[in-house]
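In what follows, a single structure is set out as structure tokens and then discussed.
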Amino acid sequence: MPQLTEQIHQCDFFAFDFEFSALNISIQDEPIKYDSIEEKYQKTKYLCMNNHILQFGLALFIWDGKQMVYIAHQYAFYLGLKGFQSFQAVSYKFLASIDYDFKRTFQHGIPYNQIYQQQKPKQNNINYEIIYQIDIQKELERIKAAIINNKQAKFKIESTSKEAIAILLKPHFQDKFFKGMNRFQIQKYNDLSIQIIKQNDNKRFGEIEEPKELEFQVLITELIKSKKIMVGHNPAIDFCLLYHNFIADLPDQYPQFAQSFNQLFPTILDTKLVANFFRDKYQLQRKMQNNLESLFRECYIHDHLKPHNNVKLNFDFLQVFNQRGLHDAGFDSLITGTALICMTNVLQGRKQQINLQNTYEDLINKYHSFGVSVSLLNFDNIYDNPKYVNNTIYGEYKELHAFQEFQERLQQKLTFEKTEIDKIFYITFEIDCDLDLICQQNVSDLVHIVPYRQRRKFRS
């Protein structure tokens, strides 16, 4: 963990990715093109609350000015399962087809928890770092005194942050107070107590059995504290998975989520948006795709980006890739960051330390979400999709034959989209039109229609 923490704070940016158990839980959470940003968020929230994360991939990119390369450090964490989330058969069949190591997840997965778990109402505004500092000092003095008197003891933790005390006390067992004494070891006993015992001579001084759950929380905390640029590829679901599983419960509405996420990670970048920008600039729409597999081939096989790849690895990427392939979260995060470096090198005209803030000024803090670009900073038009406000009708029908008759009655050129959710349909006209007038002229007891912008009130 110390080495990883050091790399986090040294890196220019980090890329991340998840493998998880289901892309859709039910028909209700499947996105459709008419969804607003808020509706997309609600569906993503539902998905993340009912989903298992299987693997967390992290790639850290550190610039080496002497070699003029980026040193990449790539990690894949197999996470333990918890709760009663859903398993999607097709997702597991796909993961099995690429030889995903389920044993490491089911038997040896790392436990994890939210950094800020739900607290009692009176504790909602407490500064956690201050609590930790106060608790550590209080517990440290009490334990030191007990060790001097008893030499061995089991202690009930008297602390606000009980589950964190074992790991947070560790550095204090290396101070001068203990240099002339027998060696002692802290063992985690349970969430409410710890045990301090005399160490055998063959054990490392200051050794502590740290709960892995807290180790992983430390990793997420360090990523937050670093304030480094966060990079993902098409990361709408990944953002919500990270927040819900490692930080706190997802907020009720999108603006609350966006503001909270932006405070934790103030600069994010989506390589899918970057790839779209890159393809448009160099007119590569037909020659280069924006999905992660295509970006991998461009960086390591084809000529569009391969000559601009100055990422240095401590292993033969292609050899390992041929053995494991895509959809390993560690490799996917590595490809995400490598593709960003290659495209930026092309845009800047040479292989050098890239300036992401200036190069992608218009793309910073935006990400791709089911076909549209979403901002973490701008909340205009989040309740309606602007593309359909002036040309689309929302409708519900009770009987299929009534819907078919209604469809035949409308003579104008239009596009119908019928969903399987509660007998809902949308009608999009080729040009903007008077939607209120159309709705008034087509009143029916079995088919109800309203302008797109009124659908939320209509459904409620």
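Numbers for the structure displayed
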| item | result |
| --- | --- |
| Cβ pairs under 6 Å, 6+ apart, first in the range 57-71 and open to solvent by 40 Å² or more (accessible area, probe 1.4 Å), second part of a loop (DSSP other than H, G, I, E, B) | 63/12; 63/353 |
| Any helices (runs of 4 or more DSSP H) falling wholly within the range 254-309 and containing at least 1 residues that are under 26 Å from residue 38 (Cβ atoms) and of a type outside the set (Phe, Trp, Tyr) | 254-264, 271-282 |
| Residue 379 of a type in the set (Phe, Trp, Tyr), surrounded by 13 or more Cβ atoms within 10 Å (Cβ to Cβ), more than 16 Å from residue 39 (Cβ to Cβ) and at pLDDT 85 or above | no |
| Residue within the range 380-395 that is more than 20 Å from residue 456 (Cβ to Cβ) and over 20 Å from the mean Cα position of the chain (by Cα) present | no |
| Cβ-Cβ under 6 Å pairs, at least 6 apart or on other chains, the range 372-399 side over 30 Å from residue 446 (Cβ atoms), far side part of a loop (DSSP other than H, G, I, E, B) | 376/365; 377/365 |
| Residue 361 vs. criteria outside any helix (DSSP H, G or I), surrounded by 15 or more Cβ atoms within 10 Å (Cβ to Cβ) and at pLDDT 85 or above | no |
| Residues located in the range 44-65, provided they are at pLDDT 90 or above and either closer than 25 Å to residue 256 by Cα or of a type in the set (Val, Ile, Thr) (or both) | 44, 45, 56, 62 |
| Residues of the range 301-332 that turn out to be within 16 Å of residue 343 (Cα to Cα) and modelled with pLDDT under 85, as a count | 4 |
| Residue 420 being modelled with pLDDT of 80 or more and not hydroxyl-bearing (Ser, Thr, Tyr) | no |
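The values are calculated or read from the model by the stated rules, or taken from the named source; none is laboratory data. These numbers come from a predicted model, not from an experiment. Cβ: placed from backbone, ideal geometry, glycine included. Neighbour counts: every protein chain shown. When the accessible area is computed, the model is the full protein with side chains, heavy atoms only, and any ligands, DNA or RNA have been set aside. Shrake-Rupley method; radii C 1.70, N 1.55, O 1.52, S 1.80 Å.
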